[in-house]
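**Student:** Structure in structure tokens, see below.
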Amino acid sequence: MNKYLVAAAAGILGGAVLSTQVAAPLLAQEQDANQSVYEQLDLFGDVFERIRAQYVNEADTGQLIEAAINGMLNSLDPHSSYLPPDDYEDMRVQTRGAFGGLGIEITQQDGYVRVITPIDDTPAADAGVQPGDVLTHVDGVSLLGLTLPEAVDLMRGPVGSEIVVTIMREGASEPFDLSIIRDTIRIQAVRSRVEGDIVVLRVTTFNEQTYDNLETELEQGIEELGGIDQLQGIVLDLRNNPGGLLMQAIRVSDAFLEQGEIVSTRGRDEAEGERYNATTGDLIDGRPMVVLINGGSASASEIVAGALQDHRRAVVVGERSFGKGSVQSLIPLRGDGAMRLTTALYYTPSGRSIQALGVAPDIVVHQPPRHDAAIAPEEDGVTPRPLRSESTLRGALSNTNITDDERRQMEEEERAAEEVAQLRDEDYQLAYALDILRGLSAMNGN
């Protein structure tokens with residue numbers, strides 16, 4: 001019996017010794033890490049007090065703290081930042097669909113301020129700002145080295161005032177200036193047009209109005225066609241859409257899906273990730289879709305394109321999207337400000353991460369540069385060749401068997417073909433999307 005007691009005691013003692021050998025270094029590491037953090041905070045406090053006491057001019061302590069917070073957040077990624085009370089209120093106003101400014105979505109890359117996209121029908125778009133443009137100066141002040149919020153502050157100003165931005169553009173030999181008049185930006189989230197028997201839905205942003213606007217515009221387009229039985233399909237145009245609210249992207253995707261995952265988010269702890277699934281109901285009863293994207297399609301627009309692509313619900317056409325696949329949480333802070341912090345990444349239903357990769361189109365279609373419509377072909381040194389056909393030949397037999405109805409149908413088909421040809425000059429990518437839809441509809445027997 002004593003032997004067992006001795007053996008048990010030895011085992012307990014050995015276990016205690018082993019646990020102290022394992023736990024002691026871990027505790028020491030944690031204590032060292034905490035000590036390092038406190039030492040860094042002490043260092044920050046020391047620098048802060050030195051600036052207050054010895055800087056050549058008296059410093060605004062509030063601005064110093066804000067700059068320190070912003071620097072900390074900006075060092076993480078281009079989308080994390082501190083929002084002072086005014087900026088926080090501006091952001092909340094933007095999601096409601098009306099705000100003052102130029103109408104551009106920008107990001108920071110390698111120290112440069114780059115345009116993700118101009119928003120449709122805004123001063124920036126009207127002035128000719130394009131996705132991918134690099135803004136180097138605002139009213140002669142260099143943006144290089146400034147944080148993104150500092151650059152945004154330089155662009156702010158009263159409605160009706162002029163701002164001159166200097167732009168570097170790929171393909172341009174030198175930087176050039178653009179004059180823009182600031183205005184109140186009122187965004188209509190969705191616009192529609194009918195092309196033949198196809199409804200084109202142009203989604204410019206994902207704000208609180210997007211899904212409701214989309215549903216209304218789609219209903220009006222279907223009504224114009226004479227009912228859903230006359231609808232051949234839709235084009236969902238997400239080009240130059242900078243994104244917006246996650247839940248609006250989910251609702252727009254759900255509008256055309258019957259079931260399955262739409263998007264998932266994964267943060268540092270994957271167990272805390274979220275999945276969003278479609279509910280029953282398709283606004284167009286399964287009719288074919290084409291989604292248009294380009295390098296200005298970002299964030300929420302990439303979620304929609306990725307979901308519809310993965311479910312084989314739509315053909316994605318255009319150019320690779322921007323690749324902004326991170327989730328920013330807006331965290332209110334004391335003093336009425338807020339922190340925008342990247343907390344997760346988006347994943348499409350197939351498990352693809354959008355971040356830095358974007359959504360690759362099923363069919364790559366580049367938008368060719370537009371020709372100047374004011375220049376007639378003969379003025380451009382090109383003499384149009386007269387059209388030749390059987391009917392233009394001397395002595396050709398005339399067709400006396402064609403009826404008036406058949407002739408009218410031929411004329412209507414020719415007129416429709418001419419309209420498509422004109423659209424190719426105006427918007428080649430959209431014309432391509434319409435051709436795909438017509439082909440899918442013909443294959444389906446509609």
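**Student:** Filter the helices (runs of 4 or more DSSP H) completely within the range 46-133 down to those with at least 3 residues that are aliphatic (A, V, I, L, M), open to solvent by less than 60 Å² (accessible area, probe 1.4 Å) and over 26 Å from Asn207 (Cα atoms). Show your work before the answer.
**Tutor:** Numbers: elements: 61-74, 85-94, 123-127.
The qualifying helices (runs of 4 or more DSSP H) are 61-74.
**Student:** Ok, one more. Mind checking which residues of the range 192-208 are touching a residue at least 40 places away in the same chain (Cβ under 8 Å) and farther than 16 Å from Glu419 by Cα? Even if it seems obvious, please write down each step before you answer.
**Tutor:** Here is the first cut: in the range 192-208, the ones touching a residue at least 40 places away in the same chain (Cβ under 8 Å) are 195-196, 198, 200, 202-208.
Answer for the range 192-208, where residues must be touching a residue at least 40 places away in the same chain (Cβ under 8 Å) and farther than 16 Å from Glu419 by Cα: Arg202, Val203, Thr204, Thr205, Phe206, Asn207, Glu208.
**Student:** While we're here: Report, by residue number, each residue of the range 157-176 that is within 12 Å of Asp139 (Cβ to Cβ) and under 26 Å from the mean Cα position of the chain (by Cα). Can you show your working first?
**Tutor:** Start the filter on the range 157-176 by keeping residues that are within 12 Å of Asp139 (Cβ to Cβ), which leaves 157, 161-166.
Of everything in the range 157-176, those that are within 12 Å of Asp139 (Cβ to Cβ) and under 26 Å from the mean Cα position of the chain (by Cα) turn out to be Gly157, Ile163, Val164, Val165, Thr166.
**Student:** Say we look at the range 180-198 and pick out the residues that are within 22 Å of the chain's Cα centre (by Cα) and open to solvent by less than 40 Å² (accessible area, probe 1.4 Å); which of these is modelled with the highest pLDDT?
**Tutor:** Ranking the qualifying residues of the range 180-198, first place goes to Val190.
**Student:** Give, as residue ranges, the strands (runs of 3 or more DSSP E) completely inside the range 254-294 that count at least 2 residues that are out of contact with any Cys (no Cβ under 6 Å at 6 or more places or on another chain) and surrounded by 15 or more Cβ atoms within 10 Å (Cβ to Cβ). Even if it seems obvious, please write down each step before you answer.
**Tutor:** Details: elements: 261-266, 274-277, 289-293.
Here the list reads 261-266, 289-293.
**Student:** Which residue is modelled with the lowest pLDDT, if the candidates are limited to the range 203-232 and must be open to solvent by 40 Å² or more (accessible area, probe 1.4 Å) and either touching a Cys at 6+ places or on another chain (Cβ under 8 Å) or charged (D, E, K, R) (or both)?
**Tutor:** Result: Glu208.
**Student:** If the Cβ limit is 6 Å and pairs must be 6+ apart or interchain, which residue in the range 167-190 that is farther than 13 Å from Ile119 by Cβ pairs with which residue that is open to solvent by 70 Å² or more (accessible area, probe 1.4 Å) and among the aliphatic types (A, V, I, L, M)?
**Tutor:** Filtered contacts from the range 167-190: Pro175/Met168; Arg182/Val159.
**Student:** Could you tell me whether the range 161-172 includes any residue that is open to solvent by 70 Å² or more (accessible area, probe 1.4 Å) and touching a Pro at 6+ places or on another chain (Cβ under 6 Å)?
**Tutor:** Initially, the range 161-172 is screened for residues open to solvent by 70 Å² or more (accessible area, probe 1.4 Å), giving 162, 168, 170-171.
Next, only the ones that are touching a Pro at 6+ places or on another chain (Cβ under 6 Å) stay: 168.
Checking the range 161-172: at least one residue is open to solvent by 70 Å² or more (accessible area, probe 1.4 Å) and touching a Pro at 6+ places or on another chain (Cβ under 6 Å).
**Student:** Hey, another quick one. Count, please, the residues in the range 206-232 that happen to be charged (D, E, K, R), assigned to a helix (DSSP H, G or I) and closer than 23 Å to Gly296 by Cβ.
**Tutor:** From the range 206-232, those charged (D, E, K, R) are 208, 212, 215, 217, 219, 223-224, 229; that's our starting set.
Next, from what is left, pick out any that are assigned to a helix (DSSP H, G or I): 212, 215, 217, 219, 223-224, 229.
Adding the requirement that they be closer than 23 Å to Gly296 by Cβ leaves 217.
Total satisfying the criteria: 1.
**Student:** Identify all residues within the range 282-311 that are more than 16 Å from Ile234 (Cβ to Cβ), over 10 Å from the mean Cα position of the chain (by Cα) and of a type outside the set (Gly, Ala, Ser); write none if there are none. Full working, then the answer.
**Tutor:** Here is the first cut: in the range 282-311, the residues more than 16 Å from Ile234 (Cβ to Cβ) are 294-300, 302-303, 306, 310.
Add one more test, that the residue is over 10 Å from the mean Cα position of the chain (by Cα), and what stays is 306, 310.
Matches in the range 282-311: Asp310 only.
**Student:** While we're here: Within the range 319-353, take every residue that is surrounded by 14 or more Cβ atoms within 10 Å (Cβ to Cβ) and among the β-branched types (Val, Ile, Thr) and give me the one that is farthest from the chain's Cα centre (by Cα).
**Tutor:** Thr343
**Student:** Moving to a separate point now. Name every residue in the range 134-151 that is free of Cβ contacts under 8 Å to residues at least 40 places away in the same chain, part of a loop (DSSP other than H, G, I, E, B), open to solvent by 10 Å² or more (accessible area, probe 1.4 Å) and farther than 13 Å from Ile180 by Cβ, in order of residue number.
**Tutor:** Just the residues of the range 134-151 that are free of Cβ contacts under 8 Å to residues at least 40 places away in the same chain, to begin with: 134-146, 150.
Now drop any that are not part of a loop (DSSP other than H, G, I, E, B), which leaves 139-140, 143-146.
Next, only the ones that are open to solvent by 10 Å² or more (accessible area, probe 1.4 Å) stay: 139-140, 144-146.
Those that are free of Cβ contacts under 8 Å to residues at least 40 places away in the same chain, part of a loop (DSSP other than H, G, I, E, B), open to solvent by 10 Å² or more (accessible area, probe 1.4 Å) and farther than 13 Å from Ile180 by Cβ: Gly140, Leu144, Gly145, Leu146.
**Student:** Do we have any residue at all in the range 268-281 that's among the aliphatic types (A, V, I, L, M) and closer than 23 Å to Ile187 by Cβ?
**Tutor:** First, pick out the residues of the range 268-281 that are among the aliphatic types (A, V, I, L, M): 271, 278.
Now narrow it down to the ones that are closer than 23 Å to Ile187 by Cβ: none.
Scanning the range 268-281 turns up no residue that is among the aliphatic types (A, V, I, L, M) and closer than 23 Å to Ile187 by Cβ.
**Student:** Which one is surrounded by the fewest Cβ atoms within 10 Å (Cβ to Cβ) among residues in the range 295-318 that are over 15 Å from Gln429 (Cα atoms) and of a type in the set (S, T, N, Q)?
**Tutor:** Here is the first cut: in the range 295-318, the ones over 15 Å from Gln429 (Cα atoms) are 298-314.
Still in the list and also of a type in the set (S, T, N, Q): 299, 301, 309.
Details: Ser299: 27, Ser301: 33, Gln309: 22.
Here the residue is Gln309.
**Student:** Can you name the residue in the range 235-253 that is open to solvent by 10 Å² or more (accessible area, probe 1.4 Å) and of a type in the set (S, T, N, Q) and is also nearest to Tyr346 (Cα to Cα) among such residues?
**Tutor:** Among residues in the range 235-253 that are open to solvent by 10 Å² or more (accessible area, probe 1.4 Å) and of a type in the set (S, T, N, Q), the one nearest to Tyr346 (Cα to Cα) is Gln248.
**Student:** Search the range 152-164 for residues being without any contact (Cβ under 8 Å) to a residue 40 or more places away in the chain and assigned to a strand (DSSP E or B), and hand back the single one that is nearest to Gly101 (Cα to Cα).
**Tutor:** Glu162
The values are calculated or read from the model by the stated rules, or taken from the named source; none is laboratory data. In this text, all values refer to a predicted model and were calculated from it rather than measured experimentally. All Cβ positions, glycine included, derive from the backbone under ideal geometry; neighbour counts span all protein chains shown. All accessible areas refer to the heavy atoms of the entire protein, side chains included, with ligands and DNA or RNA removed. Shrake-Rupley method; radii C 1.70, N 1.55, O 1.52, S 1.80 Å.
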